[in-house]
1. Hey, among B:405, B:389, B:438, which residue is outside any strand (DSSP E or B), under 12 Å from residue B:347 (Cα atoms) and touching a helix residue (DSSP H, G or I) at 6+ places or on another chain (Cβ under 7 Å)?
2. Scan region B:278-301 for residues that are more than 8 Å from chain A (Cβ to nearest Cβ) and more than 16 Å from residue B:334 (Cβ to Cβ) and jot them down.
3. Looking only at strands (runs of 3 or more DSSP E) that fall completely inside region A:57-164, which ones have 1 or more residues that are closer than 25 Å to residue B:205 by Cβ?
4. I'd like the residue in region B:62-95 that is on the phi > 0 side of the Ramachandran plot and within 14 Å of chain A (Cβ to nearest Cβ) and, out of all such residues, is surrounded by the fewest Cβ atoms within 10 Å (Cβ to Cβ).
5. Answer yes or no: is there a residue in region B:460-482 that is within 23 Å of residue B:593 (Cα to Cα), free of Cβ contacts under 8 Å to residues at least 40 places away in the same chain and in contact with a helix residue (DSSP H, G or I) (Cβ under 9 Å, 6 or more places away or on another chain).
6. Could you check residue B:504 against (1) surrounded by fewer than 17 Cβ atoms within 10 Å (Cβ to Cβ); (2) within 30 Å of residue B:413 (Cβ to Cβ); (3) in contact with a helix residue (DSSP H, G or I) (Cβ under 8 Å, 6 or more places away or on another chain) and say which number it fails?
7. Does residue A:62 satisfy the criteria of being surrounded by fewer than 24 Cβ atoms within 10 Å (Cβ to Cβ) and either more than 11 Å from chain B (Cβ to nearest Cβ) or under 21 Å from residue B:98 (Cα atoms) (or both)?
8. Of all residues in region B:238-250, which are over 23 Å from the mean Cα position of the chain (by Cα) and either closer than 20 Å to residue B:376 by Cα or within 14 Å of chain A (Cβ to nearest Cβ) (or both)?
């Protein structure tokens, strides 16, 4: 059986305005301070109009888990979240290198890896999604987004039919 | 003390040394941050009468109180120096990831003085300040050099403030750019250029710690949600370019150097036209939940590839005001202004002045280096804009700003030199906005809509915009003080309609952030204090009553056509409104500040220097 697709925080680059509130919210929620260096979601802005936010994508056969030489990383089977065992993690950074998305941060103080856990400690789920002013962030799976995109295409066709 | 670091970084560029100044919470509470703190640093670090482009002028940066937190549009910074355009206080603001990094590097602000022996840029890593040779980056654009430096320094986390060729060539209205946002007005980029400082790259490693994180997060979420509501709908949908058709409809859209107030091509340069044909995306400043900046891209034609976040003020200045009636050349011109590193508003107005001179035969084609500098000639506008940045030919004259250029050319061109105190006019023809006209005249940094905010009084119909009468002074003062509070906090003005009860709400947020107890009354007092401090700076620089005036065109030429036809501001009307304003400020009839007033505002330490011993205007002796 194939692995189920786990929900993760997905950013719509057309809606993201590059404000970086998600970074502040994440670090405040996890550490009680505002520090993008501790944020498990980061906004990347290359050209003035191209930007998106990136956090853990809960990959199948997660390369970070495979890369960890101390078996500090494991997957929570229910949610797909990558768990970090702080007693084993020594901050070597192999998981950071293994991640194709740059979604793992090494906490500069504790020297342990930090990965988005979908705000497991919050009743209402990922706080970045709640705070995102433009609803650019959502908790979803690629398959759900694909379905939505297909529906949008057909809706547009219908609207064109109505336009004289 | 939370959020604040209580430290100011002083940099001496002549000797390439630094020192640290410690600030007390009581001091910070009186000026908050942004424009307030930057102006106070300017007052304390600049000797009276200094050359704005000399080593003694202090270029002062100050963070927002909320820098690096979740308070929406609370991460901005203020800059102040003695303006090379006006010779008075030159305070300016920018939306900014730079402010976040300045705070996280451990600084509430910076004071830059002196003049480097050769071109440098600063690299600030927390406490460590390095002076690095900038020669390889000379001539680079104000925006592109930021990416180049990040690449060289090898870390995307550096935020950079930089000047472009205009700042290097001391164009008097040069700007300082960070992430495509500008410290735009009053020529702070020229001051930076005069210090031979190409850029400042900052990287901070510290977290921002606040007194009440949970309370602040809750207050932030409420503001983020409110700011998606009716109070910001204008900014979120069309952005400020929505003003084009609104101003055109009521006959205040400056057209062809403020000679007319309606533009026959308003439709094709409007916010609506931008949205339908060129807009690709809304973009926000740091921590902003509104995202007013409407990015337009030109996809074909001779300006293919030009792209910019377009706001109303550059759009009017380089559009209708230069008689240019399509968006592609305007997008190109504004993009060039940003990359060359100059204030697109002042640039547009000085070019429109030159165009009128050309049409009247006061400047010949030969004077203009062979350019046909007529209204609507977009190719000539583009070439002359470039010449300004490099001070080539006619550009050298225009780089001096409208006031100096018109004084130098003379021949009656002063009549239509559209500036107050040397700062070019914003995008409202004030001949039919009389309260606002007076608001611009008394402005401490010259003709600025953002400092005055009095346009709201006229456009929203609080007062009859076509007449002037007694009793408008208090409203003018209240609006100016309110704008000033926002500039000091800093909170973006576009958030101003998102609070239930501004004073108590914002004072509470400030206390949650900094741990410094602030009442609503104390907050509101900051606006009056800093407005008076700016005025005090000007008085120390030799301000007199005659400086609070308007261009002759506003005072003599009736609007020729359109909905505001026939309107102009008579000298009697202007004098009446200014007298009202001084009285409401508690100043003398000559516009000076009584000693007691300064003491009352907590500015006793400067009362001896600038205060006068007399009774306020309008009060019996």
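1. Details: B:405 fails: under 12 Å from residue B:347 (Cα atoms); B:438 fails: under 12 Å from residue B:347 (Cα atoms).
Criteria check complete, one pass: B:389.
2. Initially, region B:278-301 is screened for residues more than 8 Å from chain A (Cβ to nearest Cβ), giving B:278-279, B:292-294, B:296, B:298-301.
Within region B:278-301, B:299, B:300, B:301 qualify.
3. Values: elements: A:73-75, A:82-84, A:137-140.
Qualifying strands (runs of 3 or more DSSP E): A:82-84.
4. Narrowing region B:62-95 to residues on the phi > 0 side of the Ramachandran plot: B:68, B:73, B:87.
Retained after the next criterion (residues that are within 14 Å of chain A (Cβ to nearest Cβ)): B:68, B:73.
Working: B:68: 32, B:73: 29.
Per the stated criteria, the residue is B:73.
5. Checked region B:460-482: at least one residue is within 23 Å of residue B:593 (Cα to Cα), free of Cβ contacts under 8 Å to residues at least 40 places away in the same chain and in contact with a helix residue (DSSP H, G or I) (Cβ under 9 Å, 6 or more places away or on another chain).
6. Residue B:504 satisfies every listed condition except (2).
7. Working: surrounded by fewer than 24 Cβ atoms within 10 Å (Cβ to Cβ): yes; either more than 11 Å from chain B (Cβ to nearest Cβ) or under 21 Å from residue B:98 (Cα atoms) (or both): yes.
Judged against the criteria, residue A:62 is a match.
8. First, the residues of region B:238-250 that are over 23 Å from the mean Cα position of the chain (by Cα): B:245, B:248-250.
Across region B:238-250, the qualifying residues are B:245, B:248.
The values are calculated or read from the model by the stated rules, or taken from the named source; none is laboratory data. Computed from a predicted model, the values in this text were never measured in an experiment. Note: ideal-geometry Cβ built from the backbone for every residue, glycine included; neighbour counts use all protein chains shown.
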